[in-house]
């Protein structure tokens, strides 16, 4: 196996045992990037010169830090000291931050090396990045963390960070057939990550398997735990209703197949009725996000409106006009929804629903619907996507698993149990070009 | 209301360009205004004593 094909944990173990050096790993990743990046367009900036200096330094010091010499991708809305950070916007095309985002600082302290900055939609909203989906390069990889998902999926890095305000971690991870984790709101620091909507923004990451995600949560929280999957048969609340109405037949077929598989493996699968307040999720999210986005951008927008993309211009403009009382009403409604969902979830080990409404849509002009992720961004509950297989269109399908606030360890162990049952392949894929 | 204010602020031409956003947000604003906040489950409403006005 080539070094770029190793998972995060495998690479760390190999370095520890002396079977691999950070330099060999980095060279393998750079070679991989050189080979496939022209088709995938996952990176805004590769930190090539600095990277090799840092890797050499790490190799020589023989550091025992947990992420010693591991190259990591970071979405281009995370500040990186002395490394260009564009926010996916022409306004910031030459912006060089003076400091690292707090998460980037933690990664560096733990020995990680910033491989580069991954593509994002403009200001992490909607106007798309040039990134393609490795499973079919004529399809979107999803957004807004487009580059992070495509880079991990193809083995250009074993780990990449993203952010989610609507569906920007779970959706691209699912479209690209990898694992994406959106932790509980505010569990991971947002300091130095360009805000889109501060009460909805989440920091999270993507890996190719659940064990790696478990390891990363341990590193970020400072309590690495040995890996074990859920050791009893899980009691799973199955969501339909709202999700069935919005899912395409391909997605629903895949979801039902996943449910049958888990049931066949002994999980207790119970149909759950969503609370009445759930029907307000989309409207509450729209009001809160449009107002907060407008508020974040208000001053810059006045000055540089023509330099904003078409979608975000309209989005900010509409948010500027929402009455203050409506914004506050939406926050009050949100609190009702959160309480109702937390009461509901207490009866189960987890809830499940499909990760996306559809498989990755054709074309690169939009990044797909976040409708199945918005409920968990609005409520701040931790969610993860685990690939379950391929749909008939040969594109990946993901299962979204949700637990109560701050129950990330349970979430990861249940996700690990599900992952074992689905037997999806977790090695990097080569970009698939459509048959002409 | 949103559309009218937008026209006053930015002019008709600009509003045509962003009309889809205005419609979607206006729809959500309207839907929010139609929700009855119940003192049983909404913290701020709970603070108001019930009684005849």
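Readers should treat all values here as calculations from the given coordinates under stated rules, not as data from a laboratory. No experiment lies behind these values; they were computed from the predicted model shown. Heads up, the Cβs are rebuilt from the backbone with ideal geometry, glycines too, and the neighbour counts pull from every protein chain shown.
Could you give me D for chain B, from Stokes-Einstein at 20 °C and 1.002 mPa s, where the hydrodynamic radius is the Kirkwood radius over C-alpha pairs? Units µm² s⁻¹, please.
For the chosen part, D equals 156 µm²/s.
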B:40, A:2, A:9 arranged by Cβ crowding within 10 Å, fewest neighbours leading: B:40, A:2, A:9
For region A:364-436 versus region A:313-358, the gap between their alpha-carbon centres in whole angstrom: 20 Å
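How big, in percent, is the set of alpha carbon pairs in the protein assembly as shown lying more than 37 Å apart?
Value for the protein assembly as shown: 26 percent of Cα pairs lie more than 37 Å apart.
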Inter-chain shielding of A:333-343 (mean C-beta neighbours from other protein chains, 10 Å cut-off): 2
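Where both partners of a DSSP beta bridge lie in chain A, what percent of those bridges are antiparallel, to the nearest 5?
Antiparallel bridges make up about 65 percent of those DSSP assigns within chain A.
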Gyration tensor verdict on region A:177-266 (Cα atoms; rounded if a/c is under 1.5, prolate if a/b is larger than b/c, oblate otherwise): oblate
Taking A:137, A:236 and counting other C-beta atoms within 10 Å, the order from fewest to most: A:137, A:236
Over region A:67-139 - Rg/Rh using Cα atoms and the Kirkwood inverse-distance radius: 1.03
Taking chain A and dividing mean pair separation by its residue count, relative contact order in percent (alpha carbons under 8 Å, at least six apart): 20 percent
Tilt relative to chain B, helix B:19-33 - C-alpha long axis, 0 to 90 degrees, to 10: 10 degrees
Gyration tensor (alpha-carbon) shape descriptor, region A:89-201, a/c threshold 1.5: rounded
Prolate/oblate/rounded call for region A:308-385, Cα gyration tensor, a/c under 1.5 rounded: oblate
Residue order, fewest to most beta carbons within 10 Å, for A:175, A:255, A:78: A:255, A:78, A:175
Region A:4-149: relative contact order in percent, alpha carbon pairs under 8 Å with at least 6 residues between: 25 percent
Relative contact order %, region A:257-366, counting alpha carbon pairs below 8 Å whose residues are six or more apart: 32 percent
Residue-averaged [θ]222 nm for chain A, counting only DSSP H segments that reach four residues, each worth -39500 (n - 2.57): -12500 deg cm²/dmol
